[in-house]
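Trainee: Take a look at this one; I'll ask things after.
The values are calculated or read from the model by the stated rules, or taken from the named source; none is laboratory data. Here the structure is a predicted model, which means the values were calculated and not measured. Positions of Cβ are backbone-derived with ideal geometry, glycine not excepted, and every protein chain shown enters the neighbour counts.
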There are 2 protein chains.
Amino acid sequence: MSSFPDVVVNRSSPVPLYHQVAEQLERAIRDGELLPGDRIANEVVLADRLGLSRPTLRQAIQSLVDQGLVVRKRGVGTLVVHAPIRRTVELTSLNDDLLRAGRQPSTVVLDLQLQPAPDAISEHLKIVAGTPVWRLDRLRRVAGRPLAVMRNYVPGQVADLGAVDLSATGLYEHFRSAGIHLRVAHQTISARKADAEEARLLEGTAGDPLLTMQRTSFDDQGRAVEFGTHLYRPDLYAFETTLVDR
Amino acid sequence: MSSFPDVVVNRSSPVPLYHQVAEQLERAIRDGELLPGDRIANEVVLADRLGLSRPTLRQAIQSLVDQGLVVRKRGVGTLVVHAPIRRTVELTSLNDDLLRAGRQPSTVVLDLQLQPAPDAISEHLKIVAGTPVWRLDRLRRVAGRPLAVMRNYVPGQVADLGAVDLSATGLYEHFRSAGIHLRVAHQTISARKADAEEARLLEGTAGDPLLTMQRTSFDDQGRAVEFGTHLYRPDLYAFETTLVDR
DNA sequence: CAGTGGTCTAGACCACCGA
DNA sequence: CGGTGGTCTAGACCACTGT
C-alpha cells in the first residue's frame with residue numbers, strides 16, 4: 001500500500017523543483033491525505049513519474065525527514081510519521097509565531113537605550129566590551145494578557161533601533177526589512193522564580209515559575225546580531241521542537 | 001583569508017566520505033583551528049584537493065550548516081559562526097547527555113507496572129485506549145543531587161520492560177539493544193510549580209519552579225515507541241538548541 | 001566582471017531488509 | 001532473492017555577490 005499523492009511540478013516556476021515536490025508532499029501529510037504508517041512510493045519510481053532525477057527527488061524527501069514528517073529505512077521505504085499538531089520551533093521571533101497562530105500580539109516598549117556593552121553581553125555578541133549596544137526592554141501581550149518580558153541587546157553597528165517604532169514592528173521583522181538575514185541561533189531554555197518586578201509586569205505573584213529563554217542570533221555573515229533574555233508565563237506559552245536523528 | 005584546514009579522506013574506510021570530511025571540519029571549528037568569521041575554501045577547490053566530487057563535498061558542508069557551525073551565502077562563501085559551548089540537543093536521552101558530559105548519573109526506579117493505556121496516553125502513542133502499556137517512574141540523580149523525575153509510557157507491544165534492570169540501563173539504551181531505532185521525537189517544553197510529592201522527590205519545596213518536558217518518540221518504522229513527562233530542577237538543568245534557517 | 005553557492009542531471013555501485 | 005534507501009561521480013547551467 002505505497003501511497004502516491006498527486007504531485008505536479010512546474011518547470012517554469014522560480015521555485016526549485018525539489019521544493020515544489022516537498023511542499024506538496026508536506027501538505028498531503030499535514031492535511032491527512034497521507035496517514036501515519038503509510039508508505040510513500042520509492043525514490044526511483046517517484047522521480048521517474050515526475051520526470052525528475054533521483055538526487056532532486058531525494059532532496060525533496062530529505063526535507064520531509066528534517067521536519068520529522070517521515071522516517072526512512074533502507075530496504076523498507078519511506079514511512080509517514082504522525083504529523084505534529086504544530087510546526088517545530090523555527091528561527092522566528094515570538095511575534096512571528098503569534099501572528100502565524102492567528103493571535104494578535106501587542107507590544108509595549110518599556111525602555112530603549114544605547115549603552116556600552118557590559119562584559120557578559122559583549123561575550124555573547126562577540127564584540128569588544130564597552131562597544132555601544134542597544135538595550136531594548138519590551139512587554140508582549142496577547143488577548144489582553146501579558147505573555148512575556150523580553151530584553152534584547154543589539155550592537156549599535158548592526159542596526160539603529162532609535163529610528164524604529166518597535167511597538168508596531170517586531171524586532172526580527174525590522175531586521176528583515178533592514179536587509180539583515182538571520183541564519184542561525186543558539187538558545188538555552190530553563191526556568192526560575194519571578195522576582196517582584198517581573199511578577200508585576202506579568203500580572204502574577206513573586207515566586208511564580210517563569211519559563212526562561214536566552215538566544216543569540218547570527219546572520220548570513222556569521223555576525224552576532226542579537227542577544228536576548230526572555231521570560232514567559234508558562235501557563236500561556238511552551239516551546240515545541242522536533243528532534244531528528246541523522 | 002580563506003582558511004583551509006588539513007583534511008584527509010580514507011577511501012577504504014566504511015565511514016562515508018562526506019562524513020569523514022564533515023567530522024574533520026567540525027573538529028577544526030570546535031577546537032578553534034577555524035575561528036568565527038573565517039572563510040572556508042570554496043566547494044570546488046576543496047572537492048578538487050580532496051579528490052572528491054562537488055556534491056559529496058557539498059553534503060559534508062551541509063551537515064555543518066545543519067549544526068549551526070557555518071553559514072553560507074551565495075557569491076560570498078562559507079563563514080564560520082561562533083561555535084556553541086555545548087552541542088545542540090539531539091535525539092538522545094537524559095542519561096546519554098549526562099554520560100557524554102562526563103557526569104555519573106544514577107537512577108532509582110520508583111515504580112513500574114503494566115496497565116491499560118489511559119485515553120490521554122493512548123492518544124500520544126497512537127494506540128487504542130486500554131491497550132497494555134508500561135508505566136515507568138524514575139528519579140534521576142547526578143553528583144548526589146536529584147535532577148529529574150521522569151514518567152514514561154511504553155506500549156507493551158513495543159518492549160517488555162519487566163525483564164530489564166532499568167536502574168542500571170537507560171531507557172533509550174535498552175531500546176537500542178532491543179533493536180529499536182529511534183528516529184524522530186516531538187517535544188514540548190514549559191514550566192510549572194512543584195507539588196508536595198514532586199518537591200519531596202527533588203529535595204525542594206512545594207511551589208518551586210520546575211522545568212517540564214513532554215516527549216513522544218518514533219522509531220524507524222514510524223511507530224510511537226515512548227511518551228514521557230519529565231520534570232527537571234531548573235537550577236541543575238537547561239535545554240540547549242540550535243535553530244537553523246533553511 | 002570573476003567568484004561563490006544553488007540547483008539539476010543521468011547514470012553507477014553498494015548495504016541493508018524482508019520474504 | 002528483489003526492493004529499498006545510502007553513497008558517489010563528473011559534469012552542467014544559473015543566481016547572487018562584491019569589485
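Trainee: Could you please let me know if residue B:234 is at the interface with chain A (Cβ under 8 Å from one of its Cβ atoms) and at pLDDT 90 or above?
Mentor: yes
Trainee: State all residues of segment B:48-83 that are within 9 Å of DNA strand D (Cβ to nearest atom), closer than 18 Å to residue B:16 by Cα and basic (Lys, Arg); if no residue qualifies, say none.
Mentor: Across segment B:48-83, the qualifying residues are B:54, B:58.
Trainee: Please determine whether any residue of segment A:81-98 is modelled with pLDDT of 85 or more and under 26 Å from the mean Cα position of the chain (by Cα).
Mentor: Yes, because at least one residue in segment A:81-98 is modelled with pLDDT of 85 or more and under 26 Å from the mean Cα position of the chain (by Cα).
Trainee: Further question on the same structure: If a residue has to be within 22 Å of the chain's Cα centre (by Cα) and in a strand (DSSP E or B) to count, how many in segment B:136-169 make the cut?
Mentor: 17
Trainee: So in segment B:18-57, with the set limited to residues that are among the acidic types (Asp, Glu) and within 14 Å of chain A (Cβ to nearest Cβ), which one is farthest from DNA strand C (Cβ to nearest atom)?
Mentor: B:23
Trainee: For residue A:140, which of the numbered conditions (1) assigned by TED's automatic domain parsing to the domain that holds residue A:111; (2) farther than 21 Å from residue A:112 by Cβ; (3) charged (D, E, K, R); (4) out of contact with any His (no Cβ under 6 Å at 6 or more places or on another chain) fails to hold?
Mentor: Every condition holds for residue A:140 apart from (2).
Trainee: Among the listed residues A:14, A:5, which satisfies the condition of being under 20 Å from residue B:222 (Cβ atoms) and either of a type outside the set (S, T, N, Q) or assigned to a loop (DSSP other than H, G, I, E, B) (or both)?
Mentor: Being under 20 Å from residue B:222 (Cβ atoms) and either of a type outside the set (S, T, N, Q) or assigned to a loop (DSSP other than H, G, I, E, B) (or both) holds for just one of A:14, A:5, which is A:5.
Trainee: Conditions: (1) buried (at least 21 other Cβ atoms within 10 Å of the Cβ); (2) away from chain B (no Cβ under 14 Å); (3) within 30 Å of residue B:73 (Cβ to Cβ). Residue A:149 meets all but one. Number of the miss?
Mentor: Every condition holds for residue A:149 apart from (3).
Trainee: Test each condition in (1) surrounded by fewer than 22 Cβ atoms within 10 Å (Cβ to Cβ); (2) under 23 Å from residue A:36 (Cβ atoms); (3) at the interface with another protein chain (Cβ under 7 Å from one of its Cβ atoms) for residue B:218 and report the one that comes out false.
Mentor: That leaves (1) as the condition not met.
Trainee: Can you tell me which of (1) within 7 Å of chain B (Cβ to nearest Cβ); (2) assigned to a loop (DSSP other than H, G, I, E, B) is the one residue A:243 doesn't meet?
Mentor: (2) is the only condition that residue A:243 fails.
Trainee: For residue B:63, only one of the following conditions fails: (1) at pLDDT below 90; (2) within 28 Å of the chain's Cα centre (by Cα). What is its number?
Mentor: Going through the list (1) at pLDDT below 90; (2) within 28 Å of the chain's Cα centre (by Cα), residue B:63 breaks only (1).
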